[in-house]
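The values are calculated or read from the model by the stated rules, or taken from the named source; none is laboratory data. Since this is a predicted model, take the numbers as computed values, not measurements. With ideal geometry, Cβ positions are generated from the backbone for all residues, glycine too; neighbour counts draw on all protein chains shown. Note: accessible area is taken over every heavy atom of the protein model, side chains too, but ligands, DNA and RNA are not part of it. Shrake-Rupley method; radii C 1.70, N 1.55, O 1.52, S 1.80 Å.
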Amino acid sequence: MQRLDGGATVPAHLAGGIVALGNFDGFHLGHQAVVARAVDRARAEGRPALVATFDPHPVRHFRPDAVPFRLTTLDQRERLFAAAGVDAMVVFHFDAALAALTADAFVAERLAAGLRVGGVVTGEDFTFGRAKSGDIATLRTAGESAGFSVDTVGAVMLDGEPVSSTRIRGALRGGDPRGAARLLTRSYAIEGIVQHGDKLGRTIGYPTANLDMGPYLRPAYGIYAVRGRLSDGRVLNGAANLGIRPTFDPPKELLEPHFFDFAGDLYGQRIEVELIEWLRAEAKFDGLEALIAQMDHDCARARELLAG
């Protein structure tokens, strides 16, 4: 699958495509419905299927001091879109220039001239253009003039409530990764490069693969049963501390998975860690003996949960 710059003109073989338009952070059930509609239309009409997303998230542009909230990176979204049958991902770089475009200018410059769209599929509540001045009615009117169609997909409901990224963030912050996974249709996963740490874990029999949380949402701090996916395709079960390690000084925010029955060197490798179950909150222990006893218990629980 190709990744394209939303500020450039698409290649000829992708012109006239059906474009799923939105942010798609998390690529949850609702987002999947929008993209599936676009792919189905594209296949029925013999056109390419594209997804147009925004990076950074518009909230990050308008509120640069906002706490981290992303559910997926661009790389993760690209893989998810590809698995959904999409031919290309278009990334609109959200900066001051894009934020200043009127709704009509966005349609004319980015959709009609840049992407040369044959059709757009988006959510019913999609807004765009300077100060969110454009809505679905605006998009349909502009599409009629520019020669492309507009389809909308309503909210997907689960347990009587709309599926949304906000709802997923609430579940993760509340220590409910399984609830988030139902909305995402997969476990919430944090991807990063394994970095060198202070190597305290290996001295007590629990070596860890340390990941910086970067732009990701911070789920509830605590101990999790996790599943790691390595770059070579291997899948490893484990337990992880996500937080600031209150027993050690100085505090340092990390995701620290310990993978069971694994002795390889992961430094410098890109891995993805799925949060499967929240086991307990972080705690400060009086000494290493108490910490190790608790870790023994945590890992036994994680093994049991992951085996099931």
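Filtering the stretch 49-90 down to residues that are part of a helix (DSSP H, G or I) and of a type in the set (Phe, Trp, Tyr), which residue is least open to solvent (accessible area, probe 1.4 Å)? Explain how you work it out, then say what you get.
Initially, the stretch 49-90 is screened for residues part of a helix (DSSP H, G or I), giving 58-62, 74-83.
Among the residues that remain, those that are also of a type in the set (Phe, Trp, Tyr) are: 62, 81.
On the way: PHE62: 133, PHE81: 0 Å².
Checked the stretch 49-90; the qualifying residue least open to solvent (accessible area, probe 1.4 Å) is PHE81.
Applying the selection to the stretch 234-246, what residues are under 20 Å from the mean Cα position of the chain (by Cα) and either among the acidic types (Asp, Glu) or open to solvent by 60 Å² or more (accessible area, probe 1.4 Å) (or both)? Break it down into steps so the answer makes sense when it comes.
Within the stretch 234-246, the first condition is being under 20 Å from the mean Cα position of the chain (by Cα), and the residues that meet it are 235, 240, 242-243.
Hit for the stretch 234-246 is VAL235, nothing else.
Looking for whichever is among the hydrophobic types (A, V, I, L, M, F, W, C) and in contact (Cβ under 8 Å) with a residue 24 or more places away in the chain here; the options are ALA66, ALA12, ALA52, ALA83. Which one fits?
Values: ALA66 fails: in contact (Cβ under 8 Å) with a residue 24 or more places away in the chain; ALA12 fails: in contact (Cβ under 8 Å) with a residue 24 or more places away in the chain; ALA83 fails: in contact (Cβ under 8 Å) with a residue 24 or more places away in the chain.
Exactly one residue qualifies, and that residue is ALA52.
Can you pull out the residues in the stretch 270-297 that are modelled with pLDDT of 95 or more and under 21 Å from VAL194 (Cβ atoms)?
ARG270, ILE271, GLU272, VAL273, GLU274, LEU275, ILE276
Pick out the one residue from ALA42, ALA52 that is in contact with a Pro (Cβ under 8 Å, 6 or more places away or on another chain) and within 17 Å of MET1 (Cβ to Cβ). Can you show your working first?
Numbers: ALA52 fails: in contact with a Pro (Cβ under 8 Å, 6 or more places away or on another chain).
The match here is ALA42.
Restricting to the stretch 254-306, count the residues that are closer than 11 Å to ALA225 by Cα and either assigned to a helix (DSSP H, G or I) or basic (Lys, Arg) (or both).
Final tally of qualifying residues: 10.
Just give me the residues in the stretch 109-141 being in a helix (DSSP H, G or I) and more than 15 Å from ALA52 (Cβ to Cβ), in sequence order. Before you say what the answer is, go through the steps one by one.
Our first condition is that a residue be in a helix (DSSP H, G or I); within the stretch 109-141, this holds for 109-115, 130-132, 136-141.
Within the stretch 109-141, ARG130, ALA131, LYS132, ILE136, ALA137, THR138, ARG140, THR141 meet the criteria.
Restrict the check to the stretch 194-210 and report whether at least one residue is open to solvent by 20 Å² or more (accessible area, probe 1.4 Å) and within 13 Å of the chain's Cα centre (by Cα).
Taking every residue of the stretch 194-210 in turn, none turns out to be open to solvent by 20 Å² or more (accessible area, probe 1.4 Å) and within 13 Å of the chain's Cα centre (by Cα).
On the given criteria, is PRO219 in a loop (DSSP other than H, G, I, E, B) and open to solvent by less than 40 Å² (accessible area, probe 1.4 Å)?
Details: in a loop (DSSP other than H, G, I, E, B): yes; open to solvent by less than 40 Å² (accessible area, probe 1.4 Å): yes.
In short, yes.
Consider the stretch 119-176. How many of its residues are open to solvent by 60 Å² or more (accessible area, probe 1.4 Å), closer than 21 Å to ARG47 by Cβ and small (Gly, Ala, Ser)?
Final tally of qualifying residues: 2.
Return only the number of the condition from (1) at pLDDT 95 or above; (2) open to solvent by less than 30 Å² (accessible area, probe 1.4 Å); (3) assigned to a loop (DSSP other than H, G, I, E, B) that TYR224 does not satisfy.
Among (1) at pLDDT 95 or above; (2) open to solvent by less than 30 Å² (accessible area, probe 1.4 Å); (3) assigned to a loop (DSSP other than H, G, I, E, B), TYR224 violates only (3).
Conditions (1) more than 30 Å from GLY214 (Cα to Cα); (2) open to solvent by 10 Å² or more (accessible area, probe 1.4 Å), marked per residue:
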| site | (1), (2) |
| --- | --- |
| PRO11 | yes, yes |
| VAL19 | no, no |
| ALA38 | yes, no |
| LEU101 | no, yes |
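What are the residues in the stretch 261-290 that are buried (at least 18 other Cβ atoms within 10 Å of the Cβ) and farther than 25 Å from GLY174 by Cβ, if any?
First, the residues of the stretch 261-290 that are buried (at least 18 other Cβ atoms within 10 Å of the Cβ): 266, 271-279.
Scanning the stretch 261-290 gives LEU266, ILE271.
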